[in-house]
Amino acid sequence: MKKVIEKTVNLNLVGVDGNAFMVMGIFRRQAKKEGWSSEEIELVMDEAKSGDYVHLLATIENHCEPKDEEE
């Protein structure tokens, strides 16, 4: 799975409710919090929604990179 844009958000999806709308909402909020533009967020969302549920999760996960709290 390729990245739509070369950016990631500080987000760990482990333990997040697996509902597709919940996953997209959490990603969208974190991206906004980190200063992503609406266009950047929509590029990821459009790609995520272009396939099945597994594609959605893989696309979102590919744009997440949780940071260690200790770093």
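Read-outs: derived from the displayed coordinates by stated rules, not from any lab. Quick caveat: nothing in here was measured; it's all calculated off a predicted structure. Note that each Cβ is placed from the backbone with ideal geometry, even for glycine, and that neighbours are counted across all protein chains shown.
Once the Cα-Cα distance is subtracted from the 0.36 nm per residue extended length, the Glu39 to Val14 segment shows a gain of 6.4 nm.
Amide hydrogen proximity for Cys64: with H placed 1.01 Å from N in the peptide plane, the residues at 5 or more positions away or on another chain lying under 5 Å are Val9. Both radii come from the Cα set of the chain: Rg as radius of gyration, Rh as Kirkwood radius; their ratio Rg/Rh reads 0.94. What does a probe at Asp68 reach in region 11-26, counting residues whose amide N is under 20 Å from the point 7 Å along Cα→Cβ? Label zone hits: 11-14.
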